[in-house]
Every structure is written in structure tokens, then in C-alpha cells.
Amino acid sequence: MSRWWYYKVKELCLDGFVDGELRRVEGLKVKATPTTKCPGEAKLHKLLKPFLPDIWFRDQTLKHVIYKMQLHFYRPLSSAPSTSPPSEPDLTSFHSFSFDPSAPDYTSLLSDELLLNILSKLPISQHVSNSLVCKRWLHLHGRLVYSLKVADWSFVTSGRVFTRFPNLTDLDLVRSCIQMPKSSGIIVTHKTMSVHVDTHFILDGFLEETALLPSNAVDQGLRMIAGKYPNLQRLAATGASEEGLLRIAEECPTLQELELHCCGDLALRGIAGIKNLQVVKLMGFIGVFYNSTISDIGLTLLAQGCRRLVKLELCGCEGSYDGIKAIGQCCQMLEELTLSEHRMDGGWLAGLSFCGNLKTLRLRSCKSIDKSPGADEHLGSCLTLEELHLQGCQIRDKQSVKALFLVCENVRDIVLHDCWGLEDDVFSLASICRRVKLLSLEGCSMLTIKGLELVVLSWKELQRLRVMSCNNIKDTEVTPELATLFSVLKELIWRPDSRSLLSSNLAGTGMGRKGDRFFKRSKD
């Protein structure tokens with residue numbers, strides 16, 4: 001038997017009027033054999049080209065589908081099969097054919113599994129439009145969605161999210177846990193988070209308690225989610241307590257990534273039962289948003305419960321040497337640690353020496369590195385560390401910067417972006433790290449060519465150098481020794497002075513000159 005393939009035509013709109021009425025065919029299902037020849041192919045292509053995408057004519061099988069569809073329109077329905085071979089239809093009368101909008105939906109003959117397989121092969125950009133064809137396609141589209149950000153909490157409590165999207169593995173509830181008018185024209189943005197607010201949203205510089213869902217409401221939603229999504233792999237929520245997180249730990253054994261906003265120390269006891277948790281992001285004290293506290297108690301509870309952590313991000317969290325030490329001792333698989341706007345007590349840097357498998361350390365938007373790092377001989381060193389990233393940090397304090405480089409003395413890559421206070425004498429401390437292979441500087445406007453040269457010439461293993469938007473570094477000040485180093489590097493990106501680069505590109509164009517000189521009137 002020959003193999004039959006089923007196809008659907010989602011939207012076929014003919015730009016013409018028949019009997020004074022615009023005709024439209026939607027949701028038509030046809031069948032065709034790959035071996036059938038398609039007579040009149042050139043005429044059909046020319047006729048339907050303005051109405052169908054190019055993809056319909058690139059694939060040979062789709063050409064058969066279009067032709068079969070056209071034969072279906074022209075062939076009258078009859079109970080007696082015809083013995084004569086089909087003749088080539090007159091394509092010029094295609095527009096004069098009237099379609100019956102009450103015709104049966106042939107896609108109903110396909111099983112859900114087969115139709116779902118067909119829809120899954122389409123580009124993701126077409127999924128939303130496909131869901132508008134009919135209720136059945138809407139339901140099938142929901143089975144193809146695996147990641148969702150919920151903006152309305154009632155979508156969860158009413159159970160509609162479970163009916164509409166039954167196969168979710170990635171669920172973000174952060175914005176839905178903040179009860180603010182979505183119609184407000186005022187948007188407050190902090191880093192990567194934006195919230196619609198009204199004119200009275202601030203209480204002592206933070207979101208009012210009434211703006212956040214109460215913990216018992218969040219826990220109720222988490223219980224519903226745990227029962228409906230046992231295969232959940234990622235979850236983000238705001239204001240969850242120990243009770244709701246315990247239910248998630250019991251019902252979702254495959255959960256690997258968790259993001260918690262505005263949570264306290266005791267809430268972290270709830271995630272101790274999530275044995276496969278690998279990525280955790282904790283948002284504690286966030287200006288204009290949250291005023292919660294995560295201290296050494298919470299960090300210790302997290303470390304003792306989640307021993308398979310690979311990536312940890314702490315934003316606005318308090319803590320000290322004890323909390324970082326507990327994480328290093330318990331989470332022996334930890335490879336990446338990120339601290340954003342941290343509020344750590346002095347001496348926390350020494351705790352990094354207990355992170356025996358740490359490969360990447362990131363510091364973002366930190367007002368200080370370590371207020372009181374202690375004596376150099378007590379700091380220790382993180383032997384496995386390979387990458388050090390500092391972005392938007394204040395590094396004016398030489399003592400804390402020196403302690404950081406001592407702990408990270410074996411680092412291979414150093415990335416410094418938009419760091420305040422990076423002067424020559426502060427940057428010279430980077431020479432403590434003797435095995436650097438990559439240096440990336442961007443937005444460090446106080447560093448000069450002299451300070452850069454002093455450090456990079458001391459690194460014998462340096463292979464890649466990137467210097468961008470460091471306006472105090474001048475091309476004219478490059479020494480022969482530095483030029484020789486540039487010639488042997490595997491990678492060199494050198495755009496230090498953006499202003500001089502702009503001036504050189506505008507030379508001779510008349511642009512960039514002051515108005516009082518450029519528009520000076522000529523004298524008679």
C-alpha cells in the first residue's frame with residue numbers, strides 16, 4: 001500500500017469577491033501521495049504565489065498538497081467512484097469557485113497525537129497563530145508550551161494555567177506575586193526587574209506589604225503547582241515560606257533550578273528536601289523592592305540541604321565568613337558563585353578557600369569588596385578558581401582589592417567592567433595573579449597606559465587582551481615594549497579611547513565642530 005500523508009492548510013485567504021462576498025477557507029485537511037505528479041504546476045504557482053508563503057512552493061510534497069486541495073474544490077462529491085482519469089482543471093476559474101463555510105473539518109479525522117506531532121514541527125513563531133484556529137488547536141498548543149511567565153496570580157489559583165498548559169517544566173511567578181495595577185503608566189526598574197506601580201507604592205523606600213501577596217496565598221498556589229507539575233524543573237516565586245517550598249520538595253523531585261525573591265532565613269529550610277537542586281538564586285535586600293534578610297543562618301540551611309549545588313547567586317544577602325565557609329564545605333560541587341549588591345560582614349573573603357571546586361567568581365554592583373579582610377596570611381587561596389568577574393563595583397579600597405587577588409591568585413581570566421576607583425595603583429595589585437591568560441577592561445576611565453603596561457608585562461602567560469572605552473588610555477602613549485606584546489597575542493581588541501576614535505572618523509567631514517565656528521557667517 002502507498003503511504004498517505006496528511007496535511008492541514010491553516011489559513012488560505014483569497015483576495016477576491018465571489019457573488020459579492022469575500023470567501024475564506026480555514027482548517028482544511030487534505031491528503032496526497034508523494035508519488036503523484038502535479039500537472040499545471042507553473043500555473044498554480046503563479047496563481048497562488050501572492051497568497052501563500054514561499055515555503056509552500058519550495059517543498060515538492062507541499063506542491064502536491066496544493067494541487068490535491070484544488071482538485072478537491074473542483075471535483076463534485078459523488079457516492080459513485082469515477083473510473084476516468086482526472087483531467088487538468090482550469091485554473092483560471094479558481095477565483096470564481098464558491099466555498100462552503102459549513103464544510104466539515106477534516107482535521108478532526110487526525111488523532112491528537114498525530115496532529116500534535118505536525119504542529120510541533122512548525123516554527124515556534126507560528127504557535128500562537130495556530131492556537132487561534134479552533135479550541136482543539138488551542139488545547140494542543142498548550143501541550144507544546146514548556147516555559148511560562150505568569151503575570152496574573154488568579155491564573156494560578158483558578159486552575160486555568162493547569163488546563164491551558166499541562167506540560168510546563170519552567171514556571172516564573174515573580175511578577176504575579178506583586179499586586180500592582182498593570183494599567184499604570186509608572187514602571188520602576190531595578191537591574192533586570194520591572195514593576196508597574198501607582199503613586200503610593202513606596203513605604204520607607206520599599207514596596208508596601210499590601211503590594212506583595214501574603215505568604216499563605218503564595219504557599220497555596222505552590223501546593224497546587226506541586227500537585228499538577230511533578231516534572232517541574234525550574235521555579236521562580238516571591239514571598240514563599242517554608243510550608244510551600246516543602247510541598248514543592250515532596251512533589252517535584254526533578255526540580256533543578258530555583259529562584260526565590262523576598263524570602264527569609266527560615267524559608268530556606270523548605271528547600272532542604274530538593275535533592276537534585278543545582279541552581280539557586282536568592283534575592284534578599286533589593287532597593288525600592290524588597291527589604292528581606294538572608295544571613296548566615298539561611299546560608300547554612302541552604303548549604304546543608306542542597307549539597308548538589310553547581311551555581312549559586314546571592315543578591316542583597318547578608319552573611320559573613322561562617323556562611324561562605326558552610327557553603328564551601330557542604331556544596332563540594334559548586335562551580336560558580338555570584339554576589340550582587342552584597343551586604344557581607346568583614347572577613348567573608350577567607351571563606352572562599354573552602355570552595356574546593358569553585359571555578360568562577362562574579363561580583364556585581366558591590367559597594368565594597370570586603371570591609372575588613374584581615375591579615376593576608378589568614379586569607380587562604382581558592383586553588384581551582386579560573387575566572388574572576390567584577391562589574392559595576394567600587395574598588396577604591398586597596399586592602400580589600402589586594403585580599404581579593406590573593407584569594408584568586410590562580411585565576412586565568414580577569415574581567416573588569418565599569419569598576420569605580422580603578423586607578424593605576426589599585427590595578428597594580430592584579431600582578432599578584434601570575435597565571436592570567438585573559439584580561440578584559442571596559443569602562444575603566446581612570447586607568448592609564450602606564451598602569452596597564454606595568455601589569456600586563458608582568459604576566460608571562462597572557463594570550464588575550466581586550467581594552468574598550470577606557471578614555472584615559474591613549475594610543476599615542478603605547479611604548480615599544482607594549483607594542484611588541486601586542487604582536488604576539490592570540491587576541492587583541494584595542495578600542496580604549498572612544499572619543500579619539502570618533503574624532504578620527506569625523507575628520508574632514510565638518511561634523512563635531514563647535515557651532516559658533518562652524519556656522520560663522522562669511523563677511524562681505
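What to note about this one:
- Taking the stretch 106-135 as the range and being open to solvent by 70 Å² or more (accessible area, probe 1.4 Å), farther than 24 Å from residue 170 by Cβ and either modelled with pLDDT of 80 or more or part of a loop (DSSP other than H, G, I, E, B) (or both) as the test, the residues that pass are 114, 135.
- Put simply, of 458, 487 the only residue that is among the small types (Gly, Ala, Ser), at pLDDT 90 or above and under 29 Å from residue 383 (Cβ atoms) is 458.
- Taking the stretch 409-493 as the region of interest, the strands (runs of 3 or more DSSP E) fully inside it that hold 1 or more residues being assigned by the TED database to the domain that holds residue 362, open to solvent by 30 Å² or more (accessible area, probe 1.4 Å) and touching a Pro at 6+ places or on another chain (Cβ under 9 Å) are 464-468.
- Residue match in the stretch 284-300 (condition: within 27 Å of residue 397 (Cβ to Cβ), assigned to a strand (DSSP E or B), at pLDDT below 95 and open to solvent by 10 Å² or more (accessible area, probe 1.4 Å)): yes
- Tally of residues being open to solvent by less than 60 Å² (accessible area, probe 1.4 Å), within 21 Å of the chain's Cα centre (by Cα) and of a type outside the set (A, V, I, L, M) across the stretch 356-396: 5
A quick yes/no check of all residues on (1) at pLDDT below 95; (2) hydrophobic (A, V, I, L, M, F, W, C); (3) out of contact with any helix residue (DSSP H, G or I) (no Cβ under 7 Å at 6 or more places or on another chain); (4) part of a strand (DSSP E or B):
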residue: 346; (1), (2), (3), (4): yes, no, yes, no
residue: 350; (1), (2), (3), (4): yes, yes, no, no
residue: 357; (1), (2), (3), (4): yes, no, yes, no
residue: 366; (1), (2), (3), (4): yes, yes, yes, no
residue: 370; (1), (2), (3), (4): yes, no, no, no
residue: 377; (1), (2), (3), (4): yes, no, yes, no
residue: 382; (1), (2), (3), (4): yes, yes, no, no
residue: 388; (1), (2), (3), (4): no, yes, yes, yes
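- Residue in the stretch 256-265 that is surrounded by 23 or more Cβ atoms within 10 Å (Cβ to Cβ) and in a helix (DSSP H, G or I) present: no
The values are calculated or read from the model by the stated rules, or taken from the named source; none is laboratory data. Since the model is a prediction, treat every value here as computed from it, not as a measurement. Backbone-built Cβ (ideal geometry, glycine too); neighbour counts: all protein chains shown. The protein model used for the area step is the full one, side chains on, heavy atoms only, and it has no ligands, DNA or RNA in it. Shrake-Rupley method; radii C 1.70, N 1.55, O 1.52, S 1.80 Å.
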